[in-house]
Amino acid sequence: MMKLSFWQKNSEKIRNFVIILVLFLITSPILVGYVWLILRSFSEDLVNGFVPTKLTLKNWRFLWQEIKGYPNIWQTTLNTALLALGVMGIEVLITSLGGYALSRYDFPGRSSMMKFILALHAFPAISLMTAVFYLLWTLRLLDTLWGVILLKASLEVPWGTWIMKGFYDGIPWELEWAGLVDGYSRFEVWRKILLPLVKPGIAVTAIFAFLSGWSEFVFVNTFIFSQNLWTLSKYVKGFIGDYRFADYGLVTAVGLFYMIPTIIFFFFVSKHMIKLTIGGVKG
């Protein structure tokens, strides 16, 4: 029998090692950045950039006292949560209905509408700033959380509708016909039969909508002026954008505080994100 060489015997292990090494090299700058962020937020200073001189909670003082010239952190956090939940609620409601209509109803222009929906999501929101400003001003929604919520949700709905359509496409028509035969209306079929079956799709849409709302900065920075309506993204920008402010310990602590809720949220709902492939995308 022919003897196998070392490379042939261990080809699978070598391949896995190379993949892990490449992934480590790619992610190491990001990991180093997070380590530095955590160390700096809990220390007075860092020697050589990474060695803490003295551990302290002083950088986290914004949690129990207001920083001069900045709004209360808890009011700001509440505003951010309201923005994220508002975007999530509107998007889930509209996309769960819109996705069903595109999947189940055959109406004139259906194919063109689906292409138009994708085009809307791909359209750069930054190019709409002037028009949106006048629209919000006319509707008296400028400098309000509701204005930003409606704007952000409207831009996220096209993508969510397309995703929900994919999940509805994966449900056999026989289930819907059985409901109609039993005397259900189309709305009852949707609510009682189809809606429970597309819960993974609703979860995925809700997750991305919440994270999109939580991390929103451009619209908040452009259309929110009152400090009592700031969100965390604008709060962080206030520290970074002021060239006279040099307390990097406080800046890193605020940035870490901004990240913590999204990390916790992600760990709780990450299993639903894997189910995105269940829905597929059908024409």
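The values are calculated or read from the model by the stated rules, or taken from the named source; none is laboratory data. Everything quoted here is computed from the prediction, not taken from an experiment. Here the Cβ positions follow ideal geometry from the backbone for every residue, glycine too, while neighbour counts run over all protein chains shown.
Structural remarks
- Summed over region 60-91, residues that are in a loop (DSSP other than H, G, I, E, B), surrounded by 14 or more Cβ atoms within 10 Å (Cβ to Cβ) and free of Cβ contacts under 8 Å to residues at least 24 places away in the same chain total 1.
- Residue within region 133-146 that is among the charged types (D, E, K, R), more than 18 Å from the chain's Cα centre (by Cα) and in the same structural domain as residue 230 (by the TED database) present: yes
- Sole exception among (1) within 24 Å of residue 235 (Cα to Cα); (2) modelled with pLDDT of 80 or more for residue 23, by number: (1)
- Residues satisfying the stated conditions in region 92-128, i.e. small (Gly, Ala, Ser) and surrounded by 12 or more Cβ atoms within 10 Å (Cβ to Cβ): 96, 98, 99, 101, 103, 125
- Of the residues making up region 207-219, one or more are farther than 20 Å from residue 89 by Cα and within 18 Å of the chain's Cα centre (by Cα).
- Subset of region 140-198 (residues that are among the charged types (D, E, K, R) and surrounded by fewer than 18 Cβ atoms within 10 Å (Cβ to Cβ)): 140, 143, 169, 174, 182, 186, 188, 191, 192
- The single condition among (1) under 20 Å from residue 224 (Cβ atoms); (2) touching a residue at least 12 places away in the same chain (Cβ under 8 Å) that residue 96 does not satisfy is (1).
- Scanning region 101-116 for residues that are assigned to a helix (DSSP H, G or I) and within 16 Å of residue 169 (Cα to Cα) yields 101, 102, 103, 104, 110, 111, 114.
- Test: residue in region 156-163 that is within 18 Å of residue 219 (Cβ to Cβ), part of a helix (DSSP H, G or I), modelled with pLDDT of 90 or more and not small (Gly, Ala, Ser): no
- Lone unmet requirement of (1) of a type outside the set (S, T, N, Q); (2) modelled with pLDDT under 95; (3) surrounded by 12 or more Cβ atoms within 10 Å (Cβ to Cβ) for residue 131: (3)
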